[in-house]
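Presented below is the structure to which this report refers.
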Amino acid sequence: MPTFGIVRFLLYAFMFVLIFPYLPGSDSNVFKGVSVFLGVLFSLGSSSAIGNMVAGLVITYMRPFKIGDRIKIGDITGDVIEKTMLVTRIRTIKNEEITIPNSSVLSGNTTNYSTNANTQGLIVHTTVTIGYDVPWKDMHQALIDAALKTEFIMPDPKPFVLQTSLDDFYVSYQINAYTREASKQAVIYSNLHQNIQDICNERGIEILSPHYRAARDGNNITIPAGYLPKDYKAPTFGITISKDEGK
């Protein structure tokens, strides 16, 4: 259909060029002057429109996305609802309809989340920072279990964890999981974060992000009270005095 539309437009233009000399009064100076004036106005006023049309033509044959795909253009993320020769329309997760000129689409970067979602799966990922006192094997398992409890996360391929950095106060753990629901990323991330909190609290793992400083003696643990034993008491503040002989 895009090729058919282009060919039809070219045929109409060619036909107009052929019949123009046979129009009544085409030889008069007035007719020629008006034609030149209209041509200049069209040239000056349609430069951006022509740029968008050329960009729309290139996008049509590049096929970076199709109607219904979840994409990201610049800082705008949403589902493609319409593609024309001039603009691309996107509906965000907040039901905002955003119109983007095709020239902006072509000149920027476009991320398509839906291309491989139905075949290889889209990887959703998030990072949590945990102190060095927690064994990394325990943290890996906790994050994997939290991902497997999350709706729309695929059990196969299995989620995996990457330790992205060893910082001064904590280790950065990145959980990666596969999903086929590219258009439900907001819900997936929200549920994944909830499950990470629940799993860590159940297993006594404190999420100390980004920095947390506390004197443990006399201070309550940061895990919510609902996950602690009923007889839990904050440790008392202890002082040890050492006396040397003769003093």
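The values are calculated or read from the model by the stated rules, or taken from the named source; none is laboratory data. Small disclaimer: the values here were computed from a predicted structure and weren't measured. We place every Cβ from the backbone using ideal geometry, glycine too, and count neighbours over all the protein chains shown. Heads up: the accessible areas ignore ligands, DNA and RNA and are worked out on the full protein's heavy atoms, side chains in. Shrake-Rupley method; radii C 1.70, N 1.55, O 1.52, S 1.80 Å.
Does Val105 meet the test of being under 28 Å from Thr60 (Cα atoms) and touching a Ser or Thr at 6+ places or on another chain (Cβ under 6 Å)? Spelling it out, Val105 is indeed under 28 Å from Thr60 (Cα atoms) and touching a Ser or Thr at 6+ places or on another chain (Cβ under 6 Å). As for the range 52-74, it holds no residue that is of a type in the set (Gly, Ala, Ser), at pLDDT 90 or above and in a strand (DSSP E or B). Among the conditions (1) outside any helix (DSSP H, G or I); (2) in contact with a Ser or Thr (Cβ under 7 Å, 6 or more places away or on another chain); (3) more than 18 Å from Asp69 (Cα to Cα), Val124 misses just one, which is (3). Selection over the range 128-152 of residues that are within 21 Å of Tyr189 (Cβ to Cβ) and loosely packed, with under 13 Cβ neighbours inside 10 Å gives a count of 1. The set of residues in the range 100-127 being farther than 16 Å from Met154 by Cα and either of a type in the set (D, E, K, R) or open to solvent by 70 Å² or more (accessible area, probe 1.4 Å) (or both) consists of Leu106, Ser107, Asn109, Thr115, Thr127. On the stretch given as the range 115-133, residues that are among the hydrophobic types (A, V, I, L, M, F, W, C) and either closer than 24 Å to Ser183 by Cβ or without any contact (Cβ under 8 Å) to a residue 12 or more places away in the chain (or both) total 4.
Thr77 meets all of the listed conditions (1) open to solvent by 60 Å² or more (accessible area, probe 1.4 Å); (2) in a strand (DSSP E or B); (3) in contact (Cβ under 8 Å) with a residue 12 or more places away in the chain but one, namely (1). Look at the range 134-146: where a residue is touching a residue at least 24 places away in the same chain (Cβ under 8 Å) and within 17 Å of His193 (Cα to Cα) and a partner is aliphatic (A, V, I, L, M) and assigned to a helix (DSSP H, G or I), sitting 6+ places away or on another chain with Cβ atoms under 7 Å, you get Ala142/Ile199; Leu143/Ile196; Asp145/Ile199; Ala146/Leu192; Ala146/Ile196; Ala146/Ile199.
Could we say that Leu11 is at pLDDT 80 or above, open to solvent by 90 Å² or more (accessible area, probe 1.4 Å), not β-branched (Val, Ile, Thr) and not in a loop (DSSP other than H, G, I, E, B) here? Yes; evaluated as a whole, the condition is true for this residue. Does at least one position in the range 89-98 carry a residue that is at pLDDT 90 or above, open to solvent by less than 90 Å² (accessible area, probe 1.4 Å), among the β-branched types (Val, Ile, Thr) and in a loop (DSSP other than H, G, I, E, B)? Yes; the residues of the range 89-98 include at least one that is at pLDDT 90 or above, open to solvent by less than 90 Å² (accessible area, probe 1.4 Å), among the β-branched types (Val, Ile, Thr) and in a loop (DSSP other than H, G, I, E, B). Among residues of the range 164-191 that are small (Gly, Ala, Ser) and modelled with pLDDT of 95 or more, those with a beta-carbon under 8 Å from a residue that is buried (at least 17 other Cβ atoms within 10 Å of the Cβ) and in a helix (DSSP H, G or I) at least six positions away or on a different chain give the pairs Ala177/Ala147; Ala177/Leu192.
Within the range 153-197, being surrounded by 16 or more Cβ atoms within 10 Å (Cβ to Cβ) and within 15 Å of Gln120 (Cα to Cα) holds for Ile153, Met154, Pro159, Asn176, Ala177, Tyr178, Thr179, Arg180, Glu181, Ala182.
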